[in-house]
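As structure tokens, the structure follows; a few thoughts come after it.
The values are calculated or read from the model by the stated rules, or taken from the named source; none is laboratory data. Owing to the predicted nature of the structure, the values given are computational and were not obtained by experimental measurement. Glycine also receives a Cβ, built like all others from the backbone with ideal geometry; neighbour counts cover every protein chain displayed.
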Amino acid sequence: MARSRVWAWVVWVTVCVTATVVLRERRDGVDTVHAVLTYLLVILGGSVSGGRPLGLALTLAGFLLIDYFFQLPYDTLSVSKPLDWIVLLAFLTTAVVTTHLLTQERARAAEAERRAGEVASLGRLGAELLSAGRAEDSLAGIADLIRTSLEVAHCRIYGRDDDAVRLLVASPADVIGEAGLADLDDLRRFAETTDRLDIAEDGASGATLQSHDPDGRTVLAALRAHGRTVGALYLTDERPIALDPARRRFLGALAYYAALAVERTRLVAQAEHAEALREADRLKDVVLASVSHDLRTPLTTIKALAQEGALRGDRNAVAIEEQADRLGHLVADLLDLSRLKGGALPVHPELNTAEDLVGAAMRQMAGLLKDRTVETSVDFTEPALAGRFDFVQSLRILSNLLGNAVRYTPPASPIELSVKRDDAALVFVVADRGPGIPATERDRIFEPFYRPAGAAADGGAAGLGLAIARRLAELQGGTLEYAARPGGGSCFVLRLPAATPSGAFVKS
Amino acid sequence: MGAIRVSDDDLTSAAVRARALLIIEDDAPIRRALRNALSDVTDRLLEAPTGREGIDLTATERPDLVILDLGLPDVRGVDVCREIRAWSRVPILVLSARHADAEKVQLLNAGADDYVTKPFNTPEFVARVRALLRRARLPTADDVATVVEAYGLTVDLLHRRVTRGGAAVRLTPIEWDILRTLVTNAGRTLTHQQIFDAVWGDAAGNPQQYLRVHITNLRRKVETNAARPELIVTEPGVGYRAELPA
């Protein structure tokens, strides 16, 4: 650009000198008008190719040369006739106005050309963003386009996740550590600043990173999408990068495309991660299901054969059956614990009634209870007590509590199961008259693998029941607590969210 | 059209003895355990180690009951169930080692009659088999009226009357429909959806959860102790089943 300007000066000054020499040779046969017209042509040419400064310089030169060489008296700047002033002033006015008009028109044309270039760049960016198969590819294409359309040496795009900022793509794909590379900490601070200040659209781009850029040879633009800073665009050049308002606007538009591409990269990465997690989850389910199946199948055979033996009065068979049951419970508890830890145990709270749950628990425990009695106390007032809980998992909680009561209390002592409504909660209480739990151990009983001090090693459970029960209660928005029972014994209090069925669905 | 009384006396264990039972199960030791457990129920026990052979034996031997294990090497249990149901009403009792309620519901909706989870309790398993066999002997035509007596309760299906010790038990229309559906399917576990469809028909919405409230109210009227139900048994996560005493 600058070089072509110098050439314009050389060429048109030469033309001006040549024209002056030629006209001077034939001064006697040349009218002043001829000289004036010739210089006007030179000025027009100079303005077109060299712009306003060359045009004005040629105008001044022409004015002086006409006056000096081609107006009587020759070879002096003095003007003899007043009418000759009119010629000179007319020349000057015409030349200045023409130069002005020509250069203005030229600037408009250049601006239009640049706009067309910008529109084409943005069009290519949009196409790049939409058509590239991989998000990374489209980002690389966008970095290339930004670099070439802004005519800078390097363009880098950084992404920002939470606290970290990292380089996503560089154009040209250069070596990391090259001079001019932004400090990631600076970038992070920059991103945070732009995130905090909700910067207006034009201010959001083209900010410079002060600590890094004494000469204006780097430009930093925040990449903002969906109201947050998703990264930064970092441009460097060997020379200072000039940013007039129009270019600043253009940079803003480019930055917006880059922000969308960065966001797309992030979303794609997120989707891939979620897909990987789903796959891992699915595999875990498959493993759990097959372990569960493979362990239960032989247990079924052992139990069935032992029961057959027990019916014939074989005492060993009774023991085998009990141990098979114990193993079965242990397998179930371990599977549930691993599912709970992995968050894979689904809970589906629905409208259920307390009586239904108590009835199902009593039925499920019938085998373990044998001749032990459980006093059930249910509030039979209308309407039936209802709650929003997962029936199957709540049944597990009650079964675990009743199982513990049977296991850890003397055979003759009574067990009670009651339910009542307390404000927004259904309160199930499993109470026994056993030894209770010492105050020092009350916090620990809900930990996995806890076993009461002094309990027999073959007490029948692995110490997982309460840990699982409490977790299941919490997953449903309920609680499970221990309370010492007045007069001796233990109270386990399960609270589940109560519900009031409004106008039970009736047949029309 | 004479009323056929089905009461405890007619349903002694000796009365329900099957001509032939089929076990579809790939695990040989379990087949052996089942054979021992069912020796009192039938004289002829057919065994199939694969789903394909099971389907073929059901077609050729016409057993009185099919015990179907899930996790067969060749065909999915639910597909075996559907295929048999396409041409036979033979009772199907499903055995599974998985505690997956969704799977139970799927199988019952596919036409299975009941479901037992491994490891099971042998006496309970045998009781379930007997209940299904007993049900299969009941007259199936809709116009045959029956009176069911159990736990001191009398359910007159023809006259839509329920009495306990001679005193009338008053039920709402929905409670009656639920009770009738369960009792006429005694021994079968019905899913929430199946009961809902039978009682409410094609009602819009998803009010299955209200079924549980109605069941609770019904139990208060027909059970001796509503907190310890005997007649209407909850199958957790699956549905309900009417159990008549053996």
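How do the pairs read when you match residues in region A:353-373 that are within 13 Å of A:L398 (Cβ to Cβ) and within 7 Å of another protein chain (Cβ to nearest Cβ) with residues anywhere that are modelled with pLDDT under 85 and crowded, with 24+ Cβ neighbours inside 10 Å, using Cβ under 9 Å and keeping only pairs 6 or more apart or on different chains? Correct list of pairs: empty, since none qualify.
Here region A:473-500 is the region considered, the condition is being surrounded by 17 or more Cβ atoms within 10 Å (Cβ to Cβ) and more than 24 Å from A:A405 (Cα to Cα), and the residue that is modelled with the highest pLDDT is A:A498.
Each residue in region A:416-452 was checked for being more than 15 Å from A:L464 (Cα to Cα) and among the aromatic types (F, W, Y), and 1 pass. Going by the structure shown, is A:V152 in contact with an Asp or Glu (Cβ under 6 Å, 6 or more places away or on another chain) and either of a type in the set (A, V, I, L, M, F, W, C) or assigned to a helix (DSSP H, G or I) (or both)? Spelling it out, A:V152 is indeed in contact with an Asp or Glu (Cβ under 6 Å, 6 or more places away or on another chain) and either of a type in the set (A, V, I, L, M, F, W, C) or assigned to a helix (DSSP H, G or I) (or both). Beta carbons closer than 7 Å, at least 6 apart along the sequence or on distinct chains, pair a first residue in region B:40-53 that is under 11 Å from B:L72 (Cα atoms) with a second that is part of a helix (DSSP H, G or I) for B:A48/B:G54; B:A48/B:L57; B:G51/B:V80. Taking B:A136, is it away from every other protein chain (no Cβ under 14 Å), touching a Cys at 6+ places or on another chain (Cβ under 9 Å) and surrounded by fewer than 21 Cβ atoms within 10 Å (Cβ to Cβ)? Judged against the criteria, B:A136 is not a match. Taken over region A:62-87, the criterion of being in a helix (DSSP H, G or I) and more than 20 Å from A:V22 (Cα to Cα) is satisfied by A:P82, A:L83, A:D84, A:W85, A:I86, A:V87. Residues that are in contact with a helix residue (DSSP H, G or I) (Cβ under 6 Å, 6 or more places away or on another chain) and among the basic types (K, R) within region A:50-100 comprise just one, A:R52.
Of all the criteria given as (1) closer than 23 Å to A:D356 by Cα; (2) surrounded by fewer than 19 Cβ atoms within 10 Å (Cβ to Cβ), the one not satisfied by B:G166 is (1). Screening A:L398 on (1) in a helix (DSSP H, G or I); (2) in contact with a strand residue (DSSP E or B) (Cβ under 6 Å, 6 or more places away or on another chain) shows it passes everything except condition (2).
Rundown of residues vs (1) touching a strand residue (DSSP E or B) at 6+ places or on another chain (Cβ under 8 Å); (2) closer than 26 Å to A:A109 by Cβ; (3) of a type in the set (D, E, K, R), yes/no style:
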| residue | (1), (2), (3) |
| --- | --- |
| A:R5 | no, yes, yes |
| A:T20 | no, no, no |
| A:E25 | no, no, yes |
| A:V36 | no, no, no |
| A:Y39 | no, yes, no |
| A:P53 | no, yes, no |
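The single condition from (1) over 30 Å from A:C16 (Cβ atoms); (2) touching a Cys at 6+ places or on another chain (Cβ under 8 Å) that A:A116 fails is (2). Screening A:L345, A:L351, A:L335, A:L368 for residues that are part of a helix (DSSP H, G or I) and either surrounded by 18 or more Cβ atoms within 10 Å (Cβ to Cβ) or within 49 Å of the chain's Cα centre (by Cα) (or both) leaves exactly one candidate, A:L335.
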